[in-house]
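J.: If you scroll down you'll find the structure; I have some questions about it.
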């Protein structure tokens, strides 16, 4: 059962990475709903292609770390690097779930934008789920 959650998490990380690669190469589907918005309209920030590429590659790396830490790849065994990477990723996903006390996460104050609705229903719970998965991978 534990492996099912690991594989599900790897698939999710892979799909989100593919979406980021799509945006790097000029795609626009889903982009508007993925950026935090100000109350008066407009995005809080507009990521450049290089930043989006870093996120896409980072998500693939996170998926690999999760597989390696759980001994699910034959050519790489769990070690101190995968353990500490899992700890760092746990912190990143937990902090993303908590939020910035304004636009993202459980602590956001801006509630009535398309992004905030997606963030409440999908992005933040997904980050919390991933944080828990990464945490269990180095705790047990």
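J.: Would segment 83-95 turn up any residue that is surrounded by 14 or more Cβ atoms within 10 Å (Cβ to Cβ) and assigned to a loop (DSSP other than H, G, I, E, B)?
T.: Within segment 83-95, not a single residue is surrounded by 14 or more Cβ atoms within 10 Å (Cβ to Cβ) and assigned to a loop (DSSP other than H, G, I, E, B).
J.: When you check residue 68 against the structure, is it part of a helix (DSSP H, G or I) and modelled with pLDDT under 95, yes or no?
T.: no
J.: So which residues in segment 1-28 are surrounded by 15 or more Cβ atoms within 10 Å (Cβ to Cβ) and either in contact with a strand residue (DSSP E or B) (Cβ under 7 Å, 6 or more places away or on another chain) or modelled with pLDDT under 95 (or both), if there are any at all?
T.: none
J.: Checking residue 119 against (1) buried (at least 17 other Cβ atoms within 10 Å of the Cβ); (2) in a helix (DSSP H, G or I); (3) in contact (Cβ under 8 Å) with a residue 60 or more places away in the chain; (4) touching a helix residue (DSSP H, G or I) at 6+ places or on another chain (Cβ under 7 Å): exactly one of these is not met. Which one?
T.: (4)
J.: Moving on to the next point. Every residue in segment 29-44 that is in contact with a strand residue (DSSP E or B) (Cβ under 9 Å, 6 or more places away or on another chain), closer than 16 Å to residue 55 by Cβ and touching a residue at least 60 places away in the same chain (Cβ under 8 Å), please.
T.: Correct list: 35, 36.
J.: Specify the residue that is surrounded by the fewest Cβ atoms within 10 Å (Cβ to Cβ); the eligible residues are those in segment 29-59 that are part of a helix (DSSP H, G or I) and in contact with a helix residue (DSSP H, G or I) (Cβ under 6 Å, 6 or more places away or on another chain).
T.: My answer is 49.
J.: While we're looking at this one, here's another question. On the basis of being surrounded by 16 or more Cβ atoms within 10 Å (Cβ to Cβ), under 16 Å from the mean Cα position of the chain (by Cα) and without any contact (Cβ under 8 Å) to a residue 40 or more places away in the chain, does residue 99 make the cut?
T.: yes
J.: Looking at 104, 110, which one is crowded, with 16+ Cβ neighbours inside 10 Å, outside any helix (DSSP H, G or I) and modelled with pLDDT under 95?
T.: Going through 104, 110 in turn, the sole match is 110.
The values are calculated or read from the model by the stated rules, or taken from the named source; none is laboratory data. Being a predicted model, the structure only gives us computed values, none of them experimental. FYI the Cβ positions are ideal-geometry reconstructions off the backbone, even for glycines, and counts take in every protein chain you see.
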